[in-house]
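Step one of this worksheet: look at the structure below.
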Amino acid sequence: MDGQRERRRLRQPAHHAGEVSFARRTLRQRLQIACGAFVFWTALGVFFASQLRFGGLRWGVALSYSMPRWYSWGLLTPWIVRVDRRLGRNRSLAARVAWHLPIGIAWTCIAIAIRLATRPLRGSPPIPSLTAFFLERFYWDLLIYAVIAGFAISRDYAAQVIERERQASEFAVETAGLERRLAEARLQALRAQIHPHFLFNALNTISAFTGC
């Protein structure tokens, strides 16, 4: 009975490793992840702002140019990972990378559009040309997307490997249990074969002693 329940459980479609882990996270864990992500993207923004600062810009100008870029990508990264997980599942690596090309252009435009929409909130002056605004930022932001997509793909493949190893371990345990039950069944069958012969021989012995 336990073996049947185990086989039915293994035949059920397994949840994706990333989805299961996300569903099991508590509110505190999610807040910790959000704080860690905020620190990470802030550190990136400050790092690249320091490069602009060494280039001659004041810290305020360098930060106002760098931080919106990295915060916008930090905001989009969870959605990029989720879309990659949904659309890239059960695809080959070549196909997965291929469909990232058009989607990457779309995500890059969204990231730039977020920065464009938040310019009035940051007190930035109006842009002279919308086309120039996008072109000046597009190639660098597309490279950022490529790094994020590469991280998402590698993370998903790693989760799949862990999930397959877990299933293989469970299958090995189930196989060992089936082999043990098979050995017990064979032993019982052997006992069933031995007992009648033993009983028959005992009756013959008794008959011989009693002269029947």
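The values are calculated or read from the model by the stated rules, or taken from the named source; none is laboratory data. Quantities reported herein were computed from a predicted structural model and do not represent experimental measurements. Methodologically, a virtual Cβ is constructed for each residue, glycine included, from the backbone with ideal geometry; neighbour enumeration extends over all protein chains shown.
Of the candidates ALA168, ALA149, ALA159, the single residue that is more than 22 Å from PRO102 (Cβ to Cβ), buried (at least 16 other Cβ atoms within 10 Å of the Cβ) and either within 20 Å of the chain's Cα centre (by Cα) or not hydrophobic (A, V, I, L, M, F, W, C) (or both) is ALA159.
Scanning the stretch 110-134 for residues that are among the hydrophobic types (A, V, I, L, M, F, W, C) and exposed (fewer than 14 other Cβ atoms within 10 Å of the Cβ) yields ALA113, ALA117, LEU121, ILE127, LEU130, ALA132.
Residue count for the stretch 127-139, restricted to those that are within 22 Å of PHE48 (Cα to Cα) and either without any contact (Cβ under 8 Å) to a residue 24 or more places away in the chain or under 22 Å from the mean Cα position of the chain (by Cα) (or both): 5.
For (1) under 23 Å from PHE138 (Cβ atoms); (2) in contact (Cβ under 8 Å) with a residue 12 or more places away in the chain, each residue gets a yes or a no:
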residue: ALA43; (1), (2): no, no
residue: VAL46; (1), (2): no, yes
residue: GLN51; (1), (2): yes, no
residue: GLY56; (1), (2): no, no
residue: SER64; (1), (2): yes, yes
residue: MET67; (1), (2): yes, yes
residue: TRP73; (1), (2): yes, yes
residue: THR77; (1), (2): yes, yes
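In summary, SER124 fulfils each of the numbered conditions (1) assigned to a helix (DSSP H, G or I); (2) over 22 Å from ALA37 (Cβ atoms); (3) touching a residue at least 60 places away in the same chain (Cβ under 8 Å) with the single exception of condition (1). In the stretch 147-166 there is at least one residue that is modelled with pLDDT of 85 or more, among the hydroxyl-bearing types (Ser, Thr, Tyr) and within 16 Å of ARG85 (Cβ to Cβ).
Condition first: hydroxyl-bearing (Ser, Thr, Tyr) and under 14 Å from TYR157 (Cβ atoms). Can you find one or more residues in the stretch 77-88 that meet it?
First, the residues of the stretch 77-88 that are hydroxyl-bearing (Ser, Thr, Tyr): 77.
Next, from what is left, pick out any that are under 14 Å from TYR157 (Cβ atoms): none.
The answer is no, given that none of the residues of the stretch 77-88 is hydroxyl-bearing (Ser, Thr, Tyr) and under 14 Å from TYR157 (Cβ atoms).
Do we find a residue being farther than 24 Å from VAL46 by Cβ and touching a Phe, Trp or Tyr at 6+ places or on another chain (Cβ under 8 Å) anywhere in the stretch 109-121? Yes, some residue in the stretch 109-121 is farther than 24 Å from VAL46 by Cβ and touching a Phe, Trp or Tyr at 6+ places or on another chain (Cβ under 8 Å).
ILE162 meets each of the listed conditions (1) touching a Leu at 6+ places or on another chain (Cβ under 8 Å); (2) farther than 25 Å from ALA43 by Cα; (3) of a type in the set (Val, Ile, Thr) apart from (1). Annotation: CYS35 fulfils all but one of (1) of a type outside the set (D, E, K, R); (2) at pLDDT below 85; (3) exposed (fewer than 11 other Cβ atoms within 10 Å of the Cβ); the unmet one is (2).
Given the structure, is GLU174 over 30 Å from TYR65 (Cα atoms), touching a residue at least 60 places away in the same chain (Cβ under 8 Å), of a type in the set (Asp, Glu) and assigned to a helix (DSSP H, G or I)?
Details: over 30 Å from TYR65 (Cα atoms): yes; touching a residue at least 60 places away in the same chain (Cβ under 8 Å): yes; of a type in the set (Asp, Glu): yes; assigned to a helix (DSSP H, G or I): yes.
Yes.
Does GLY45 meet the test of being assigned to a helix (DSSP H, G or I) and modelled with pLDDT of 85 or more? So GLY45 passes the test. Might you check whether a residue that is out of contact with any His (no Cβ under 9 Å at 6 or more places or on another chain) and farther than 23 Å from LEU75 by Cβ occurs anywhere in the stretch 105-114? Checked against the condition, which is being out of contact with any His (no Cβ under 9 Å at 6 or more places or on another chain) and farther than 23 Å from LEU75 by Cβ, the stretch 105-114 yields no hits at all.
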